[in-house]
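To start, the structure itself, in structure tokens.
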Amino acid sequence: MKLLLSDWRVADDLQQTLAVSELWPSLNWQGQQIQFKGPVQLSLQITGQQKSLLLRGEIAANLELACSRCAEDFLLPMRCVVDETISLADEDEQEMLVDRAQDELDLSELGLQVLLENLPLQPLCRPDCRGLCSLCGQNLNRGNCDCETDPIDPRLAILGQLFRQDDQSKKEG
Ligand SMILES: [Zn+2]
Ligand SMILES: [Zn+2]
């Protein structure tokens with residue numbers, strides 16, 4: 001969805017309410033494959049203030065992405081607040097969301113940026129995802145495998161040692 005800016009440049013205190021529903025293509029972001037399930041809903045109140053536009057509202061989308069622990073795809077419903085100010089000044093080349101040639105603001109791109117800013121860095125299919133067995137690769141959410149593993153993740157074991165050392169040094173100190 002693009003917003004033509006010419007009307008907004010001349011008006012002062014102009015307001016418009018927008019509700020857009022769009023289907024977005026999947027994308028790859030920082031190594032994560034993201035798919036959008038169903039339409040993305042963008043609802044905005046736009047206020048023109050001479051050289052700037054205030055955009056307030058929210059964006060809601062259902063994202064399908066891979067769990068960072070077990071690699072299974074899962075659905076992540078997101079609902080994020082949009083609160084952006086866009087400069088309409090011609091000299092403001094920093095405004096990447098504005099297409100100067102077409103004089104348009106890309107609302108979809110703005111919504112996408114808000115979603116990506118709020119995306120968890122390490123998405124989990126559920127808070128207590130047990131991940132994969134490091135030996136056989138079994139998804140431990142589906143049940144235990146037959147591998148005889150130390151129940152403590154080796155990386156956590158090192159942390160455990162550090163905490164114990166810390167405890168000791170506290171007692172000694
Ligand atoms: Zn998982
Ligand atoms: Zn295993």
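Looking at the range 78-85, is at least one residue touching a residue at least 24 places away in the same chain (Cβ under 8 Å), within 28 Å of LEU140 (Cα to Cα) and within 16 Å of ligand 1 (Cβ to nearest atom)? Within the range 78-85 (the criterion being touching a residue at least 24 places away in the same chain (Cβ under 8 Å), within 28 Å of LEU140 (Cα to Cα) and within 16 Å of ligand 1 (Cβ to nearest atom)), the answer is no, since none of the residues qualifies. The single condition among (1) charged (D, E, K, R); (2) touching a strand residue (DSSP E or B) at 6+ places or on another chain (Cβ under 7 Å); (3) buried (at least 17 other Cβ atoms within 10 Å of the Cβ) that ARG69 does not satisfy is (2).
Counting just the residues of the range 1-44 that are basic (Lys, Arg) and farther than 19 Å from MET78 by Cα, which one comes out modelled with the lowest pLDDT? Result: ARG9.
Does VAL114 satisfy the criteria of being out of contact with any Lys or Arg (no Cβ under 7 Å at 6 or more places or on another chain), modelled with pLDDT of 95 or more, buried (at least 16 other Cβ atoms within 10 Å of the Cβ) and not basic (Lys, Arg)? When the stated conditions are applied, VAL114 passes them. When the test is whether a residue is surrounded by 14 or more Cβ atoms within 10 Å (Cβ to Cβ), in contact (Cβ under 8 Å) with a residue 40 or more places away in the chain and not basic (Lys, Arg), CYS145 does not pass it.
The values are calculated or read from the model by the stated rules, or taken from the named source; none is laboratory data. It should be emphasised that the depicted structure is a prediction, and the values quoted were computed from it without experimental measurement. With ideal geometry, Cβ positions are generated from the backbone for all residues, glycine too; neighbour counts draw on all protein chains shown.
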